[in-house]
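Undergrad: Here it is, the structure in full.
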Amino acid sequence: MLKDILDKKPHIQKHLFEKGYLITDTEIENTDEYPFYGNWTKTPVGSFYFWIYKGVNLFTCPSECGTVFLIGHAYNPYTMDYDENVILKKIAEAYHKQKHLDIINELTGVFIAGIVKSDGIEFLLDASGMQYGCYGTIEGKTYIASHMRLVGDICNLKTTPYVDRLINYKWYHFMMGNYLPGDITCYSELKRVIPNTYVTFSKGEYSVTRFYPSKNIQMCKTDEEYAQVIQEAARILHNNMKLIPMKWDNPSISLTGGIDSNTTFAATNGCYDKYTSFSYVAMDREAVDAQKAKEISTHFNVAHKTYNVPSNNEDIPDFDVYKLVFDYNQGDIGKSKDDDARKKITLIHSDVCDVEVKSWISETIRAYAYKYFGRKKFPKNLKARNYTSLYKIFFMNRKLVWETDKYFKEYFRNTQLKEHLYNYDESDFFVWELMHGGKCGLNIGVMKSCFDITIPYNNRNLLDLLLRVPLEYRISDKHHMDLKKLMNKELYDMNIRVVNLNETSARKKLANIYYTINSFLPF
């Protein structure tokens, strides 16, 4: 159906799988037609073909072990390298010493990286999987891609019955948006690349190896240790904000009155003249955020613009077609909200910036699961049923509960999570690898239709550093407030914080009651 629609809408064709990639060992024909529409270029790398959407960067570098590659963007706040060619050369030199992961852990960015060897390929994603990735073998050919439906279209795959039942379940759209459990995709033939693991394809088979965590986390035990963590985190965030305008001509901070983007804005202190900021109003409640964002920006002489999103679908030409494409790009695993689609279309047709500085991922180190469910404690060893209860609301459909449990058990087994948790809080990894890696990566893939996106928090070493903060500080956001105070005391003293309307005690209480009951039901 989508092909028939897009064949008649050439001005929207470019948004299908926009800014994507496909790595395969087979030839692809008729790339001027659906689903490529002539928007992709082919680059042979070893025995693989790299199909890259126009405007997306592919970097390669030879090494003793093979050809190292990176698709997307990366920069290093520890060495202050912002040229991917320089970064890739260092990774290539470190590969034969098995030290390349040390460099990758220092990187901020949105990317897939790896190495093409004589007998296969090895790859991994950025810290939180903001560059989505999936992989699999179909009829003896390997496919690694940014969009699951792209491979499905090429290989004529069928959505699994479980996914069909799940996304059509009446409560599926509640609890943190549309994403699938564990490492599954909508097709049985494809798996999702999980952050903190790398995938090796060799001799016709895939294997997954977890490389993080690799040891016990050293929790802050004294005020002095906590202060050192805050100082180091502030340094890394500030370095990221200094590097971004070295890479892009027109960076803009997506700003609200919330604590995440406030902290990002504070980290920009000292280089405000290199940034603009923007907000959007797609719903009435977002007007307060936009007002506070303008107040902050004006105070620090940063040019700010608010984009008012039409409130009716009928006010946007081809709204239904755009929304079909957006949902399809995200795997067609649930319908997105109309106001979100209107926002994206508005930004696509506005000259906002060449890169949005987005403040996602900080929820990982803000104890998001504790906040959402209003809890002060989770079991140290979460079972598959605990994951299912964190994932979605299942009331009477116990078959879906049992099936979802099964996929979380597979995720434990496939990614060796349980063997590598050490003394980390397991609920943080639910947020990190499943909620962010499974949902936000897909969403950002759609947002790239508007502009490039970079995320200063998306750095594995930075996230690991801030996970050392005591849990009660992370729940109360003390560490974020202290970061903001250290980086920009003037902004901190403005005392601006717009609280998410979803953070109500009643909602938390109901969510926690559900979580508790569903976790302990024996069926």
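Undergrad: Specify the inter-centroid distance of the stretch 1-67 and the stretch 231-294, based on alpha-carbon positions, in whole Å.
TA: What the calculation gives is 32 Å, centre to centre.
Undergrad: For the chain, which whole percent of the accessible surface, found with a 1.4 angstrom probe, sits on carbon and sulfur atoms? Could the numbers behind the result be given before it?
TA: Details: 10560 of 21410 Å².
Whole-percent figure for carbon plus sulfur exposure: 49.
Undergrad: I've got another one for you. Within the stretch 201-227, list the residues whose amide N lies under 14 Å from a label point set 7 Å along Cα→Cβ of Asp119.
TA: Correct set: 201-207.
Undergrad: May I pose another question? Quick one: Karplus J couplings for the stretch 382-390, per residue in order, coefficients 6.51, -1.76, 1.60, θ = phi - 60°, nearest Hz, x for Gly and Pro?
TA: 6, 8, 4, 5, 4, 5, 4, 6, 6
Undergrad: Can I ask one more? Arranged from highest to lowest average of other beta-carbon atoms within 10 Å per residue, in what order do the peptides 371-377, 11-17, 119-125 appear? Before the final figure, lay out each step's value.
TA: Values: 371-377: 16.6, 11-17: 19.1, 119-125: 21.3.
Descending mean neighbour count gives 119-125, 11-17, 371-377.
Undergrad: Right, something else. Among Gly441, Met283, Leu510, pick out the residue whose Cα is farthest towards the positive end of the charge dipole of the chain, where Lys and Arg carry +1 and Asp and Glu carry -1 on C-beta, about the Cα centre.
TA: Checking the options against the dipole of the chain, the answer is Leu510.
Undergrad: May I ask you to derive the FRET efficiency for Phe395 and Thr79 from their Cβ-Cβ distance with R0 = 56 Å, giving the value to the nearest 0.05?
TA: Efficiency, rounded to the nearest 0.05: 0.60.
Undergrad: Still on this structure, please answer the following. Could you tell me whether the stretch 397-519 comes out rounded, prolate or oblate from its Cα gyration tensor? Rule is a ≥ b ≥ c as square roots of the eigenvalues, rounded for a/c under 1.5, then prolate if a/b exceeds b/c, otherwise oblate.
TA: Values: a/c = 1.62, a/b = 1.46, b/c = 1.11.
Verdict is prolate for the stretch 397-519.
Undergrad: Please find the FRET efficiency linking Phe174 to Asp284, where r is the Cβ-Cβ separation and R0 is fixed at 25 Å, and quote it to the nearest 0.05. Write down the numbers at each step before the final one.
TA: Values: r = 21 Å, r/R0 = 0.86.
Once the sixth-power term is evaluated, E becomes 0.70.
Undergrad: Which aspartates and glutamates have a Cα lying under 19 Å from the Cα of Lys508, excluding residues fewer than 8 positions away in the same chain?
TA: Lys508 reaches Glu363, Asp428, Glu472, Asp477.
Undergrad: Related question: Reachable aspartates and glutamates from Lys383, Cα under 13 Å, same-chain residues fewer than 8 places away excluded?
TA: Straight-line reach from Lys383, under 13 Å: Asp405, Glu410, Glu426.
Undergrad: Same structure again: How large is the accessible surface per residue of the chain, computed with a 1.4 Å probe and reported in Å² as a whole number?
TA: Details: 21410 Å² over 523 residues.
Dividing the accessible area of the chain by its residue count gives 41 Å².
Undergrad: Also, quick follow-up: For the stretch 398-463, what class follows from the C-alpha gyration tensor (a ≥ b ≥ c being the square roots of its eigenvalues): rounded when a/c is under 1.5, otherwise prolate if a/b is larger than b/c, else oblate?
TA: Numbers: a/c = 3.10, a/b = 1.40, b/c = 2.22.
Verdict is oblate for the stretch 398-463.
Undergrad: Which one of Ala367, Tyr75, Phe326 is farthest out on the positive end of the charge dipole of the chain, using unit charges on Cβ (Lys, Arg +1; Asp, Glu -1) and the Cα centre as origin?
TA: Farthest along the dipole direction, towards plus: Ala367.
Undergrad: Give me the distance between the Cα centres of the stretch 321-337 and the stretch 348-362, rounded to whole Å.
TA: Each part's Cα centre sits 20 Å from the other's.
Undergrad: Using packing as a proxy for protection, rank 298-308, 58-68 so that the peptide with the highest average count of other Cβ atoms within 10 Å comes first. List each step's numbers first, then the result.
TA: Working: 298-308: 15.0, 58-68: 17.4.
Sorting 298-308, 58-68 by mean packing, highest first, produces 58-68, 298-308.
Undergrad: Taking H placed 1.01 Å from N in the peptide plane, check which residues at least 5 places from Ile184 or on another chain put their amide H under 5 Å from its amide H.
TA: For Ile184, whose amide H was placed from the backbone, the distant partners under 5 Å are Arg192.
Undergrad: In what sequence, largest accessible area first, do Trp432, Trp360 appear using a 1.4 Å probe? Before the final figure, lay out the partial values.
TA: Numbers: Trp432 0, Trp360 65 Å².
Heavy-atom accessible area, descending, gives Trp360, Trp432.
Undergrad: Which whole-number percent is the relative contact order of the stretch 237-341 (Cα, under 8 Å, 6+ apart)? Walk me through the numbers before you get to the answer.
TA: Values: 121 pairs, mean separation 23.1, N = 105.
Here the relative contact order equals 22 percent.
Undergrad: Under a Cβ-only charge scheme (Lys and Arg +1, Asp and Glu -1), can you give me the dipole magnitude of the stretch 357-464 about the Cα centre, in debye to the nearest 20? Provide the component values of the computation, followed by the final result.
TA: On the way: 19 positive and 11 negative charges, 100 e Å.
My answer is approximately 480 debye.
Undergrad: In whole Hz, what ³J(HN,Hα) sequence does the stretch 93-103 give by Karplus (6.51, -1.76, 1.60; θ = phi - 60°), x for Gly and Pro?
TA: After applying 6.51 cos²θ - 1.76 cosθ + 1.60, I find 5, 8, 4, 6, 9, 6, 10, 5, 5, 4, 6 Hz.
Undergrad: Using the Karplus equation 6.51 cos²θ - 1.76 cosθ + 1.60 (θ = phi - 60°), what ³J(HN,Hα) coupling, rounded to whole Hz, does each residue of the stretch 441-450 give in order, writing x for Gly and Pro?
TA: x, 5, 5, 5, x, 6, 4, 5, 5, 8
Undergrad: What does the charge dipole of the stretch 197-336 about its Cα centre add up to, to the nearest 20 debye, if the Cβ of each Lys and Arg holds +1 and the Cβ of each Asp and Glu holds -1? Can you show the working numbers first?
TA: Numbers: 14 positive and 18 negative charges, 120 e Å.
Dipole magnitude for the stretch 197-336 comes out near 580 debye.
Undergrad: Ignoring ligands and nucleic acids, what accessible area does Leu467 show with a 1.4 Å probe (Å², nearest 10)?
TA: 10 Å²
Undergrad: Moving to a separate point now. Could you pull out every residue, at least 5 positions away or on a different chain, whose amide H is within less than 5 Å of the one on Asn57? Hs are placed 1.01 Å off N in the peptide plane, and Pro or chain starts have none.
TA: Answer set, sorted by chain and number: Gly72.
The values are calculated or read from the model by the stated rules, or taken from the named source; none is laboratory data. The structure displayed is predicted, hence computed values, not measured ones. Note: ideal-geometry Cβ built from the backbone for every residue, glycine included; neighbour counts use all protein chains shown. All accessible areas refer to the heavy atoms of the entire protein, side chains included, with ligands and DNA or RNA removed. Shrake-Rupley method; radii C 1.70, N 1.55, O 1.52, S 1.80 Å.
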